[in-house]
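Structure first, commentary second.
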Amino acid sequence: QVQLVESGGGLVQAGGSLRLSCAASGRTFSSYIMGWFRQAPGKEREFVACISWSGGNTRYADSVKGRFTISRDNAKNTVYLQMNSLKPEDTAVYYCVADLGYLGSNYHEYDYWGQGTQVTVSS
């Protein structure tokens, strides 16, 4: 079992930056693939990024590639999402996810979800 708690969301102007954090419980955090999804009002859940257990492999949605960076600190049981050059279309609730599988981009591939943190980018 893994419990996930996100933090770091907020309101930022277009072009600004935010860093999301996700603290995970459980002694086997380093065994999990970690990732981020987001969901904007009236839209489907969208894959953002994921990272392997070691941090050596990452995967990004095309819409955030080059602007967002996912990283993890296994000693702190935490995964991060650094978001730069934010755009109004990045506005969404961001969810931290975890799974023992592989670097998937479909939401049904992830068994564990946090409660989400709101990110709002104003134009």
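Looking only at segment 56-70, decide whether some residue is at pLDDT below 95 and at negative phi. Before the answer, list the steps.
Start the filter on segment 56-70 by keeping residues that are at pLDDT below 95, which leaves 56.
Still in the list and also at negative phi: 56.
Taking every residue of segment 56-70 in turn, at least one turns out to be at pLDDT below 95 and at negative phi.
Step by step: first the residues of segment 63-115, then only those that are open to solvent by 50 Å² or more (accessible area, probe 1.4 Å) and acidic (Asp, Glu), then the one that is farthest from the chain's Cα centre (by Cα). Which residue is that?
Here the answer is 89.
Would you say residue 49 is more than 21 Å from residue 109 (Cβ to Cβ) and either at pLDDT 95 or above or surrounded by fewer than 15 Cβ atoms within 10 Å (Cβ to Cβ) (or both)?
Numbers: more than 21 Å from residue 109 (Cβ to Cβ): no; either at pLDDT 95 or above or surrounded by fewer than 15 Cβ atoms within 10 Å (Cβ to Cβ) (or both): yes.
Answer is no for this residue.
State whether one or more residues within segment 1-12 are of a type in the set (Asp, Glu) and over 16 Å from residue 93 (Cα atoms). Break it down into steps so the answer makes sense when it comes.
So in segment 1-12, the residues of a type in the set (Asp, Glu) come out as 6.
This time we only want the ones that are over 16 Å from residue 93 (Cα atoms), so: none.
No, segment 1-12 contains no residue that is of a type in the set (Asp, Glu) and over 16 Å from residue 93 (Cα atoms).
The values are calculated or read from the model by the stated rules, or taken from the named source; none is laboratory data. None of these values were measured; they are calculated from a predicted model. Glycine also receives a Cβ, built like all others from the backbone with ideal geometry; neighbour counts cover every protein chain displayed. Remember, those area values only see protein heavy atoms, side chains included, never the ligands or the DNA or RNA. Shrake-Rupley method; radii C 1.70, N 1.55, O 1.52, S 1.80 Å.
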